[in-house]
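The values are calculated or read from the model by the stated rules, or taken from the named source; none is laboratory data. Remember, predicted model here, so these are calculated numbers, not experimental data. All Cβ positions, even for glycine, are placed from backbone atoms using ideal geometry, and neighbour counts span all protein chains on display.
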Amino acid sequence: MADLRTTNPDPASPYPLDPADVTPAGPPRAGAGVGLAVPGRATGERGFVPPASLADFAGLARAALPAEVWDFVAGGSGTETTLAANRAALDRVAVLPRMLAGVDTPSTEAALPGGRFALPVAVAPMAYQKLLHPDGEVGLAAAARAAGVPYVASTLASTPVEDIAAVGGTVWFQLYWLRDRGMVADLVGRALAAGCAGLMVTVDVPVLGRRLRDVRNGFALPPHVAAANLPGGRDDLAHQGTPGVSAVAVHTGAVFAPALSWADLAWLRERTPVPLLVKGILDPRDAVRAAELGVDAVVVSNHGGRQLDGAPGSAAVLPEVVAAVGERCAVLLDSGVRGGTDVLRALALGAAGVLVGRPLLWALAAGGRAGAEAALALLAAELRDALILSGCADPAAARELRTLIGG
């Protein structure tokens, strides 16, 4: 097996990486393998000693995972320009803290679609979590329940939505639009019957972005990882490895509908009794149209830099989207969030909250459910510190902060 510290099969590759995803890693640990990450800092069956920051989980995960799995999760599309832009856009946001606010014990509670939660955070929808650790989606959903935040279950989860929802807590279901509308209706019905409290439709994947790391690796899903929400045999293509071909891209090309339209979104709105969120919005005009159709929230997202390479960093367009929709619906930020300071930045730019993705996968890889619980607890602590340092009693106050871009 290749050196687990090699992020790209071509050491001379010029493609930039998200700096938060390339924390220097130590030597690979014995026993690491697909779906068998070995927590190197566990203190017992349920104990886990977290690193110093949420972003530092990347190094632990990189040391635990086979190189091709690391690439599948860490990589972006094309030359990974947008992947790098997500971090750059957030790093350009300077927050002006308020002084003499008398804040020492801020509340981190915030309103998100469907209720109030312990943090202005939801766990982003991410596919095939059993690739990272046997605990998979159930482990991460249990960590989200313990943290008091929503967990978004992916259409391409490696665990059925019914089993994820049975963990308890607040579960939203993320929907990819499939070529078979009957399957779409069936997925929505299953999610609602299982008790999912929200529906998040992803609109930025008419086809899968060309993810060159997966192409170079000839990446395919291992036999023990499957798209558990699709009927049997519907993900066979994802397991057929071919040199120079991403089997996951072949599979999604066969089952995803490339021509999702506003009429489809209106059809879904009419049939969705729970909060409806639309993920993958970057242009304010699309945000306005979604709000006019009655969605409860838009998620400003470029899919973590994994779809259109050359799209802007999500944080760069967030203020325009917030201004465009006004009070018609909530606005959440996705892509590039790596810690509590980033949550504060998003709030100061007008977001109601954020989705957190890769860092929680890194934590899952490093320590299973215990690692994910530790990561979310660390994120909460980072946010509390950021609120105190900025003079904010709660996330609502953070939305009143001023920002400078590039300052």
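Answer yes or no as to whether Ala311 is modelled with pLDDT of 95 or more, touching a Ser or Thr at 6+ places or on another chain (Cβ under 8 Å) and of a type outside the set (D, E, K, R).
Spelling it out, Ala311 is indeed modelled with pLDDT of 95 or more, touching a Ser or Thr at 6+ places or on another chain (Cβ under 8 Å) and of a type outside the set (D, E, K, R).
Rundown of residues vs (1) in contact with a Leu (Cβ under 9 Å, 6 or more places away or on another chain); (2) within 25 Å of Gly139 (Cα to Cα); (3) of a type outside the set (A, V, I, L, M), yes/no style:
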| residue | (1), (2), (3) |
| --- | --- |
| Phe173 | yes, yes, yes |
| Tyr176 | yes, yes, yes |
| Ala191 | yes, yes, no |
| Gly195 | no, yes, yes |
| Gly209 | yes, no, yes |
| Asn217 | no, no, yes |
| Ala226 | no, yes, no |
| Asn229 | yes, yes, yes |
* Within the stretch 102-133, can you find the residues that are in contact (Cβ under 8 Å) with a residue 12 or more places away in the chain, more than 17 Å from the chain's Cα centre (by Cα) and not in a loop (DSSP other than H, G, I, E, B)? -> Ala110, Ala111, Gly115, Phe117
* Among the residues of the stretch 284-302, write down those that are assigned to a helix (DSSP H, G or I) and surrounded by 24 or more Cβ atoms within 10 Å (Cβ to Cβ). => Ala287, Ala290
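With the condition being free of Cβ contacts under 8 Å to residues at least 60 places away in the same chain and buried (at least 21 other Cβ atoms within 10 Å of the Cβ), I'd like the helices (runs of 4 or more DSSP H) fully within the stretch 160-263 carrying at least 1 qualifying residues. Can you show your working first?
Details: elements: 161-165, 181-194, 212-217, 247-255.
Per the criteria, 161-165, 181-194, 247-255.
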* To do: Identify the single condition in (1) at pLDDT below 95; (2) surrounded by 24 or more Cβ atoms within 10 Å (Cβ to Cβ) that Ala346 does not satisfy, given that it satisfies every other one.
  => (1)
* To do: Working carefully through the options Ala74, Ala94, Ala84, Ala67, find the one that is under 19 Å from the mean Cα position of the chain (by Cα) and either farther than 24 Å from Ala375 by Cα or surrounded by fewer than 23 Cβ atoms within 10 Å (Cβ to Cβ) (or both).
  => Ala84
* Could you look through the stretch 99-116, keep only residues that are of a type in the set (A, V, I, L, M, F, W, C) and under 30 Å from Ala197 (Cα atoms), and pick out the one that is surrounded by the fewest Cβ atoms within 10 Å (Cβ to Cβ)? => Ala111
* Structure fact -> Checked the stretch 267-283 for anything over 18 Å from Trp177 (Cα atoms) and not in a loop (DSSP other than H, G, I, E, B); matches are none
* Asked: If Tyr151 satisfies every condition in (1) without any contact (Cβ under 8 Å) to a residue 40 or more places away in the chain; (2) touching a Gly at 6+ places or on another chain (Cβ under 6 Å); (3) closer than 18 Å to Leu187 by Cβ but one, which is the exception?
  -> (2)
* **Answer residue from the stretch 325-339, given it is in contact with a Ser or Thr (Cβ under 9 Å, 6 or more places away or on another chain) and of a type in the set (Gly, Ala, Ser) and is farthest from Ala94 (Cα to Cα) among those** => Ser335
* Structure fact -> Pairs returned, first residue in the stretch 57-84 that is on the phi > 0 side of the Ramachandran plot, second residue that is in a helix (DSSP H, G or I) and surrounded by fewer than 24 Cβ atoms within 10 Å (Cβ to Cβ), beta-carbon separation under 8 angstrom, 6 or more apart or interchain, are Gly78/Leu212
